[in-house]
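Taking it in order: structure first as structure tokens, then the write-up.
No value in this document is a laboratory result; all are computed from the given coordinates. No experiment lies behind these values; they were computed from the predicted model shown. Counting neighbours? That spans all protein chains shown, and the Cβs are built from the backbone with ideal geometry, glycine included.
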Amino acid sequence: MDYFFYCRDREGAGDLRSQLVEEHWAFMDRFAEAMIARGPTLTGDLDGATGSVHIVELPDAEAARVFAFEEPNQLAGVYRQITVRRYVDLLGRTMGDFPGERGEGPGRYLVLAHGKPLMDWPGAEQTEPVLDRDRLIAWGRLLSEDGEDWEGTAVIGEFSDPETIRDLFAATGAYDRIEVHPWTFGGRR
């Protein structure tokens, strides 16, 4: 099963996050083969982290809880909130398979489109905008822990303008709230 994790940093956690980078990477190394995508969300000036995204294949919900709550940044208090959702991969590749360049660069974003309550998720594919797959790093549906309820969509990709991508998702009428966060590739450099 694939899981989506978004861990939002506490205010002022940047120094602690920097101190824990090797411990964080060592923990994540255990999941490297199962990782679909990972990386930090960034401040508007791209100089600091605001959170961490991980999309990873895990055997079950208990393994997802371990992944989320035994991670060194979480144990040390870097995160103020952790979102864990089942993830339905619509792209079928990992960030390592991304056809674009992996290096740093502006224009990469995490889009979190939170679904309207009570929407029937099997029809969700009709609510997702058409996106250029060559510009996508990850794209999937977010489901409740039991996999029964559609809760939205998560996309990581290259977009020329964050407002344009927000407007594309808003135009579907399927989402209550749309977040767009600057993002970059994670992992060892």
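With unit charges on the beta carbon (Lys/Arg positive, Asp/Glu negative), name the residue among Thr172, Ala32, Pro182 whose Cα is farthest towards the positive pole of the charge dipole of the chain. The residue sitting farthest along the positive end of the dipole is Pro182. GNM on the chain, alpha-carbon springs under 10 angstrom: the most fluctuating residue among Asp47, Asp134, Asp149 is Asp47.
Rounded to the nearest 500 deg cm²/dmol, what is the calculated helix-only ellipticity per residue at 222 nm for the chain, with -39500 (n - 2.57) per DSSP H run of length n ≥ 4?
On the way: 5 runs with 38 residues, N = 189.
Roughly -5500 deg cm²/dmol at 222 nm, from the helical runs in the chain.
Projecting the Cα atoms of Ala68, Thr94, Gly44 onto the charge dipole of region 2-182 (Cβ charges, centred on the Cα centre) puts Gly44 farthest toward the positive pole.
For the peptides 48-54, 69-75, 17-23, 108-114, what is the packing order when you average, over each peptide's residues, the other Cβ atoms within 10 Å and list the highest mean first?
Numbers: 48-54: 20.6, 69-75: 16.4, 17-23: 14.1, 108-114: 23.0.
Packing proxy ranking, top to bottom: 108-114, 48-54, 69-75, 17-23.
One Cα centroid belongs to region 2-26, the other to region 128-189; the line between them spans 21 Å. Placing unit charges on C-beta atoms (Lys and Arg positive, Asp and Glu negative, everything else neutral), compute the dipole magnitude of the chain about its Cα centre in debye, rounded to 20. Approximately 240 debye in magnitude.
Each listed q (0.13, 0.15, 0.16 Å⁻¹) maps to a log10 I(q)/I(0) for region 138-189 from the Debye sum over equal C-alpha point scatterers, namely -0.40, -0.52, -0.58.
Net charge dipole, region 3-112: roughly 360 debye, given to the nearest 20, about the Cα centre with Cβ charges of +1 for Lys and Arg and -1 for Asp and Glu.
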